[in-house]
Amino acid sequence: MYTVSASCASSYQSRRPSATTLHRLLRPPSPSDTPITACHAPPPLIQHAYETHRTTRNAHQGAQLLSPSFTGMSVDPILQELVYAAGTHRIPELEAAAREKRRPDEIDTRNCLTFWARPTAQVREMIGEVQARIRKLCDDIWLMPLDNLHLTVLEIAHSRTRPEIDAITALLRPTLKQTVNLPLSPKHRAVLIRPLLSFDSAALAISFVPEAATSESSYTYHHLRRDFYQAAVDSGVAIGSRYTVPSAHVTVARFVTGGGAESWDVRRREEWVRGIERINAWIEREWRGRVRWVVGEERGVEFRRGLLWYGGGNAVAVGKPL
């Protein structure tokens, strides 16, 4: 998780937060840091950190894609082989090599353990329309099935063996029912707003920012992540998460073929970036003011294990929906 500097609260009152302030607000913990036990910064500053992260990242990724040093899109080799074996996508490079089709459990052995939130029907509808627009821009892409869409509230472990996952699950099991049902409490209601299509050379995701505050509560999605983190730590688990940035995102597409620079000349890359900008303009116009996702709404938070990278795996515990 992220360490929140108490000094941010006072600085926010007098000036717009600088990059240094935002880094202090949500920085990956060092060995001498204590994981978040209180979010002292005001909710507007937390929201600003999430917003700054995603807009800065989109700008950087756009510049990287259009750079003369561009070396190609980042094709996911494991997903590529999975869809090749399943026969759902043509993968010319594997077909040309006459690659033998292996079983899924031979291809992907990365066992993970996470707490997931599932998007509401409204958010899934929006993402389905976004995916249709992405497909028009590029055929060399895999779209996350709508039933597999998820938001990682907290990743406990990734790329581990089954026995390792079994051992971690055993530590968490006594408190799982209480943890997955945290959002049921009115004081743990976290809301996500302002969808945006975020991207890099490997994938695309719909990102959100925490609602800053309501008349009833100043609790945010960042506080919810803190509380899931603390519940796991209190169970004796060491957190091994890949997610050390202020982000709330749902992956919607990944590249699986045709990623080479020879397939992506500058004209195609320019059209790709412009296409993403058009999609975001459409989201802004048609959806941004309508989407308000309460985490745990319609479907409860899931504690999930197994081969989770592409929305699979098995639910160990599922919270009650709001």
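General observations
- Within segment 162-181, the set of residues being more than 15 Å from R305 (Cα to Cα), within 24 Å of the chain's Cα centre (by Cα) and either surrounded by 13 or more Cβ atoms within 10 Å (Cβ to Cβ) or modelled with pLDDT under 95 (or both) comprises K177, T179, N181.
- When the strands (runs of 3 or more DSSP E) confined to segment 103-160 are screened for residues that are surrounded by fewer than 19 Cβ atoms within 10 Å (Cβ to Cβ), those reaching at least 1 such residues are found at 141-143, 151-160.
- Cβ-Cβ distances below 9 Å connect the following pairs, each with a first residue in segment 124-144 that is touching a residue at least 24 places away in the same chain (Cβ under 8 Å), a second residue that is of a type in the set (K, R) and buried (at least 17 other Cβ atoms within 10 Å of the Cβ), and a separation of six or more residues or different chains: R124/R118; I141/R254; W142/R254; L143/R254; M144/R254.
- Every listed requirement among (1) at pLDDT below 95; (2) of a type in the set (K, R); (3) closer than 30 Å to A213 by Cα; (4) within 22 Å of the chain's Cα centre (by Cα) is met by R194 save one, (1).
- Within segment 198-219, the residues that satisfy the criterion of being in contact with a Ser or Thr (Cβ under 8 Å, 6 or more places away or on another chain) and aliphatic (A, V, I, L, M) are A202, A203, L204, A205, I206, A212, A213.
- When every residue of segment 288-299 is checked against the conditions, none turns out to be over 30 Å from H158 (Cα atoms), assigned to a helix (DSSP H, G or I) and either modelled with pLDDT of 95 or more or out of contact with any Ser or Thr (no Cβ under 8 Å at 6 or more places or on another chain) (or both).
- When we screen I78, I156, I91 for residues that are out of contact with any Lys or Arg (no Cβ under 7 Å at 6 or more places or on another chain) and more than 18 Å from R254 (Cα to Cα), the only hit is I156.
- Residue in segment 275-286 that is among the aliphatic types (A, V, I, L, M) and in contact with a Lys or Arg (Cβ under 7 Å, 6 or more places away or on another chain) present: yes
The values are calculated or read from the model by the stated rules, or taken from the named source; none is laboratory data. None of the values given here were measured: they were computed from a predicted structure. Neighbour counts are summed over all protein chains in view; Cβ atoms, including those assigned to glycine, are modelled from backbone coordinates with ideal geometry.
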